[in-house]
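Asker: Provided herewith is a single structure, encoded as structure tokens, for subsequent inquiry.
Read the figures in this text as sums done on the coordinates, not as results from a lab. Quick caveat, the model's predicted, so the values are computed rather than measured. Ideal geometry is used to build each Cβ from the backbone, glycine not excepted, and the neighbour counts take in all protein chains shown.
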């Protein structure tokens, strides 16, 4: 059995490495570790560093399993492969929040794809949402045969670095995009009010496509804020997290919340909205979940002025050590084993 990974936004640099630090690029690299020798679907053919870049229509080996990270176009993937052999093997990998697809055509395509092809989700909540979509947007005869599995994505715990507490508390914008779903205006308003009460530095590391947005420009004019591109390496990314005091999450929906888990494991205090996706990744008694603008401001203010006390409250909510609680539930070793096991179960050795 061979593996081919399909991610439409994949970027491969001149040295033959998968580039980018967004979640999609990170997951492509992770899948290449899980499945040594896997191919990556893209413009080619081209021999890269440890993998082959190959156009979809060039795949002719009937034993190849295409892990499709785009999912909505899995029917098209199947049809392209079907021109080369009778029974294409396609597996969906849903690693994003399903609410991004709201048009009737997109929702129906997603439902049919997840009903017809084995689907692996990045969290229990995402898997539940996929099941709901399949049930609502397909007929029972198809929905009843859906194969859906999940595991938390987790993080590479060996990347975590020792804490380096900053002189002035650092508040992180915990996303790389300023899309409406992330509610960056809420973040902006709250950190501005907190800064009026106590010194803080705000850091926003953004995807290049969002660095020129109006919100990014407005924030960059603040002398207490740093707005810039993503870190050059994963090592520098974790170095930055090691000196982050707190972050303010404002997103309406997340499928899992990889960036938040990474910041929490690095020791930052997370202030979260009262949302189902938040409850899915935190202990039941987590103390910094806000419901009103007043609570948001006060929780973030406490996180940067009473940091040690806030960390103690978080540890108490986790039953002793929040860091250990996170490590026990968000280790990417679980993900790697689970997805490999599902590929074997669904498609054979």
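Asker: Could you work out the per residue convex hull volume over the alpha carbons of the range 267-349, in cubic angstrom?
Answerer: On the way: hull volume 8.7 nm³, N = 83.
For the range 267-349, the hull spanned by Cα atoms encloses 105 Å³ per residue.
Asker: Then there is this: Obtain the nm distance between the two label points defined at residue 208 and residue 231 by a simple spin-label model: each point lies 7 Å from its Cα along the Cα-to-C-beta direction.
Answerer: Each label point lies 7 Å from its Cα, and together they span 2.0 nm.
Asker: Between residue 253 and residue 321, what is the label-point separation in nm under the 7 Å Cα-to-beta-carbon projection?
Answerer: Each label point is offset 7 Å from its Cα along the Cβ direction, giving 3.7 nm.
Asker: Report the rotationally averaged projected area of the range 26-177 based on its alpha-carbon convex hull, in square nanometres. Don't jump to the answer; show the numbers that get you there.
Answerer: Numbers: hull surface 49.1 nm².
Taking the Cα atoms of the range 26-177, their convex hull projects to 12.3 nm² on average.
Asker: Next question, about the same structure. Could you bin all the Cα-Cα distances of the range 157-329 into 5 Å bins starting at 0 and give me the percent of pairs in each, rounded to whole numbers?
Answerer: Final binned percentages: 1, 8, 18, 23, 23, 17, 7, 2, 0.
Asker: How long is the gain from residue 341 to residue 100 if the chain were fully straight, where each residue apart is worth 0.36 nm and the alpha carbon distance is subtracted? Spell out each step's value before the answer.
Answerer: Working: separation 241, 0.36 × 241 = 86.76 nm, distance 2.84 nm.
Additional length available on full extension: 83.9 nm.
Asker: Something else about it: Of the listed values [x] 17.4, 53; [y] 21.2, 67; [z] 24.3, 79, identify the label whose number matches Rg and Dmax of the Cα atoms in Å calculated from this model.
Answerer: [y]
Asker: Now for a separate question. How tilted is helix 293-305 with respect to the longest principal axis of the chain? Cα atoms for both, answer in degrees (0 to 90, nearest 10).
Answerer: 70 degrees
Asker: Now, a different point. Can you give the angle from 0 to 90° between the axis of helix 104-116 and the longest principal axis of the chain, with both taken from C-alpha atoms, to the nearest 10?
Answerer: The angle comes out near 60 degrees.
Asker: Using just the helices of the chain, give the 222 nm mean residue ellipticity in deg cm²/dmol: DSSP H runs with n ≥ 4 each add -39,500 (n - 2.57), and the total is spread over all residues, rounded to 500. Can you show the working numbers first?
Answerer: Working: 14 runs with 142 residues, N = 349.
Calculated from helices alone, the mean residue ellipticity at 222 nm is -12000 deg cm²/dmol.
Asker: Relative to the first principal axis of the alpha-carbon coordinates of the chain, what is the inclination of helix 184-197, with its axis defined by its Cα atoms, in degrees from 0 to 90 and to the nearest 10?
Answerer: The two axes meet at around 20 degrees.
Asker: OK, next. Could you check the spin-label model distance between residue 75 and residue 165? Points 7 Å from the Cα along Cα→Cβ, value in nm.
Answerer: Rounded to a tenth, the inter-label distance reads 5.8 nm.
Asker: Mind running the shape call on the range 96-203? Use the C-alpha gyration tensor, a ≥ b ≥ c as the square roots of the eigenvalues: rounded below 1.5 for a/c, prolate if a/b tops b/c, oblate otherwise. Mind dumping the intermediate values first?
Answerer: Details: a/c = 4.67, a/b = 2.09, b/c = 2.23.
Cα axes put the range 96-203 in the oblate bin.
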